[in-house]
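J.: So that we are looking at the same thing, I have put the structure below in structure tokens.
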Amino acid sequence: MNERLRFSMILVALGIGWGSTQPLGKIATSTGHGHFGLIFWQLVIGALVLGVLLAVQGKRFPIRHETIRFAALIAVIGTLIPNSAFYISVSHLPSGIMSILISTVPLISFPIALSLGMDRFDFRRIGGLLLGLTGVALIAIPQSSLPDPSMVAWLPVAMVGPIFYACEANIVARWGTAGLDPVQAMFGASVVGAIMAFPLMMASGQWISPVPPFGKAELALIASSALHAVLYTTYVWLASRAGAVFASQTSYIVTGAGVTWAMLLLGERFSPWIWAAIAVMFCGLLLVRPRLRAAKVA
């Protein structure tokens, strides 16, 4: 199979799967669970899923200074900070809006990649990225786009996640994963992240009991955490093989899939401004031509 086609198919699958985690995350916050508690159990569940994958592959996580340092970095910039912002903002914003805002990742990722010398200036791709930005503006600016105009105040919080995801993708693409394969990398980040999140959860009084019976919020957390572990591992692999800017295009697919999942799972409905924004974003996706490059995994 052509390499570009293979990467594109993986990109689409990632976006569809990741889009479902947005409404699942909103359901997880629906009963008042705090973000540190949600993040802790997300990381624990992720570590269990990835640990099983490692065992099946007959591998382990190599404990070295550089691997621990990498795991800690990814845990902070890839989960603790962006997921805190996500859980806080998704409790105030519609899930579909959160899915749309994730499309800003390529806008942030591209100039970072340029500054690091990993990509080159291209008017066609710039045009596609600007179309994506226009789509976001159609959501944020018109007062009739959001169910409540006061929700605009939570948009900057929701933007924290895309900023850190863009940074993370470029770090992985530029400096690699300390010799770890994607499963090892995300397993290490999940374990180290859980260790970091535990005292934050306890100090903030956000403990979530793991004892059944589970309600819809707990089941949504379990489902989204398991999905996140597998999808995030694939995302790291894709960034290391096809480049940060290409991997970040997942956010466009997440936008469409997330809006669809929000309608199916949450019954959300959207204004004409949002549908116009989605159309503009997909036009932008057609203009953004990925640059495939050699892998950098160490």
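J.: Work out from phi, with θ = phi - 60° and the Karplus expression 6.51 cos²θ - 1.76 cosθ + 1.60, the ³J(HN,Hα) of each residue of region 64-75, listed in order in whole Hz, and give x for Gly and Pro.
T.: Per residue, the Karplus-derived 3J(HN,Hα) values read 9, 4, 5, 6, 5, 4, 5, 4, 5, 4, 5, 4 Hz.
J.: What full-extension length gain, to one decimal in nm, is calculated for Lys216 and Val152 as 0.36 nm per residue of separation minus the Cα-Cα distance?
T.: Values: separation 64, 0.36 × 64 = 23.04 nm, distance 2.79 nm.
Answer, rounded to one decimal: 20.2 nm.
J.: Shifting gears a bit: Can you tell me the length gained on complete extension of the stretch Glu66 to Val52, counting 0.36 nm per residue apart and subtracting the Cα distance? Write out the running numbers ahead of the final one.
T.: Working: separation 14, 0.36 × 14 = 5.04 nm, distance 2.33 nm.
Working it through step by step, the gained length comes to 2.7 nm.
J.: Under unit Cβ charges (Lys, Arg +1; Asp, Glu -1), what dipole magnitude, rounded to 20 debye, does region 75-207 have relative to its Cα centre? Numbers along the way, then the final one.
T.: On the way: 4 positive and 5 negative charges, 43 e Å.
With Lys and Arg at +1 and Asp and Glu at -1, about 200 debye.
J.: Between Thr177, Thr31, Thr67, which gets the highest mean-square fluctuation from a Gaussian network model of the chain, Cα cutoff 10 Å?
T.: Thr31
J.: Quick one: pull the percent of accessible area on the chain belonging to carbon and sulfur, 1.4 Å probe, ligands and nucleic acids left out.
T.: 71
J.: Moving on to the next point. How much length is gained if the chain between Met263 and Leu130 is pulled fully straight, taking 0.36 nm per residue apart and subtracting their Cα-Cα distance, in nm to one decimal? Walk me through the numbers on the way to the answer.
T.: Details: separation 133, 0.36 × 133 = 47.88 nm, distance 2.68 nm.
So the chain would gain 45.2 nm between Met263 and Leu130.
J.: With a cap of 12 neighbouring Cβ atoms within 10 Å, and only residues DSSP puts in a loop, list the trypsin sites (Lys or Arg not before Pro) found in region 56-147. Show your work: numbers first, answer last.
T.: Values: sites: Lys59, Arg60, Arg64, Arg69, Arg120, Arg124, Arg125; in loops: Lys59, Arg60, Arg64, Arg120.
Answer by residue number: Arg60, Arg64, Arg120.
J.: Simple spin-label model, 7 Å along Cα-to-Cβ: Trp275 to Ser209 in nm?
T.: Label-label distance for Trp275 and Ser209, simple model: 4.6 nm.
J.: Once the Cβ-Cβ distance between Ile195 and Ser115 is put in as r, and R0 is 22 Å, what FRET efficiency do you end up with, to the nearest 0.05? Spell out each step's value before the answer.
T.: On the way: r = 33 Å, r/R0 = 1.48.
The calculated FRET efficiency here is 0.10.
J.: Is the shape of region 29-142 rounded, prolate or oblate, going by the alpha carbon gyration tensor and its root eigenvalues a ≥ b ≥ c, with a/c under 1.5 for rounded and a/b larger than b/c for prolate? Please report the intermediate quantities before stating the final value.
T.: Numbers: a/c = 2.60, a/b = 1.29, b/c = 2.02.
Oblate.
J.: In Å², what does the accessible area per residue of the chain work out to with a 1.4 Å probe? Display every interim value, and only then the final one.
T.: Numbers: 12590 Å² over 298 residues.
Roughly 42 Å² per residue, with all protein chains present.
The values are calculated or read from the model by the stated rules, or taken from the named source; none is laboratory data. The structure presented is a predicted model; accordingly, all values stated were derived computationally and were not measured. As a convention, Cβ positions derive from the backbone with ideal geometry for all residues, glycine included, and neighbour counts pool all protein chains shown. Areas reflect the complete protein model, heavy atoms only, side chains present, ligands, DNA and RNA absent. Shrake-Rupley method; radii C 1.70, N 1.55, O 1.52, S 1.80 Å.
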